[in-house]
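Every number in this text was worked out from the coordinates using simple rules, so none of it is lab data. The shown structure was predicted, so the numbers you read here are calculated from the model rather than taken from an experiment. A quick note on method: Cβ atoms are made from the backbone with ideal geometry, for glycine too, and the neighbour counts reach across all protein chains shown.
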Amino acid sequence: MKFYEYGNTRDPVILLIPGTCCHHSIFDEVVSYLKERLYCIVVSFDGFDETEDTIYRNMEEETEKIESFIMEKYPDGILCAYGCSLGGSYVSYLMKRDIIHIKHGIIGSSDLDHASQRKAKILSDLVVKIIYPIVYKGKLPSFMEKVNEFKIKKHPESKEYREKFTKIFTDSPLKGYVKKESVWNQYYYDLVSDTKMNRECSIHVFYAMKMGKKYEEKYRDHFTDPDIRYHDMEHEELLMCYPEKWAEEVLDCVSGRK
């Protein structure tokens, strides 16, 4: 695991955690808006950094590495942790464990899905068959290209989002590097790890309403009195397509206003 740092070390710290099969560079654009106000630390998971020869083992080990890094450098804690998709599960888990103090947690339109071990294995096998070739080869299968074309034709306003979402995988530095074991483990352990909060804390959720109403209900069940911020967008569209607006929303969360 690596940590990439940007900004002035005297500023309050924000920890940025990427999503499933995402390279740490997913945060490059938004960091440019944050680093004038916050010191940004971007997590790069084992198995998903082309500068290391590592394998992503499980959520527990990755969480412990994050905790060790923060405890060593910031024993009094940090201002905020933001999790993109899978990263939202990490934010929830870090705050649930409460080994490091995080004043504000921000969940970025995460699924927060949970499954039995048996179901998780089936789903992980399926995801590896579909997602791994995309990440490793950097190319969508023809059926997914057709689905994208159909959705863009039906909803032209979604073109920028769909193109950027696709590029996360097809133009990733992980192409030709990432291993199946890392992809499988990352997806599986997200599903079987219990990240549900059991204590009150400051949690903000960027709810992408186009994901469906059930996710708002899931957030209210997963957290105690979350600050849900509504966006009529797709999954992580705010982060990918509106980086300046995303940064403004983050800064508003940590300002103490709700």
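Return yes when PRO141 is in contact with a helix residue (DSSP H, G or I) (Cβ under 8 Å, 6 or more places away or on another chain) and free of Cβ contacts under 8 Å to residues at least 12 places away in the same chain and no when it is not. Answer is yes for this residue.
Conditions tested, residue by residue: (1) part of a helix (DSSP H, G or I); (2) crowded, with 17+ Cβ neighbours inside 10 Å; (3) basic (Lys, Arg).
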residue	(1), (2), (3)
LEU191	yes, yes, no
ARG199	no, no, yes
VAL205	no, yes, no
GLU234	no, yes, no
LEU238	yes, yes, no
TRP246	yes, yes, no
VAL250	yes, yes, no
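Only one entry of GLY108, GLY88 meets the criterion of being surrounded by 23 or more Cβ atoms within 10 Å (Cβ to Cβ), out of contact with any helix residue (DSSP H, G or I) (no Cβ under 6 Å at 6 or more places or on another chain) and on the phi < 0 side of the Ramachandran plot, and that entry is GLY88.
Candidates GLU50, GLU67, GLU61: the one that is out of contact with any Leu (no Cβ under 9 Å at 6 or more places or on another chain) and not basic (Lys, Arg) is GLU61. Of the residues making up segment 162-186, those that are assigned to a helix (DSSP H, G or I) and in contact (Cβ under 8 Å) with a residue 60 or more places away in the chain number 10. Scanning segment 153-161 turns up no residue that is within 26 Å of GLU60 (Cβ to Cβ), part of a helix (DSSP H, G or I) and of a type in the set (Lys, Arg).
Here's the yes/no breakdown for (1) out of contact with any helix residue (DSSP H, G or I) (no Cβ under 7 Å at 6 or more places or on another chain); (2) under 19 Å from VAL250 (Cα atoms):
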position	(1), (2)
ILE14	no, yes
GLU52	yes, no
ILE55	no, no
LYS96	yes, no
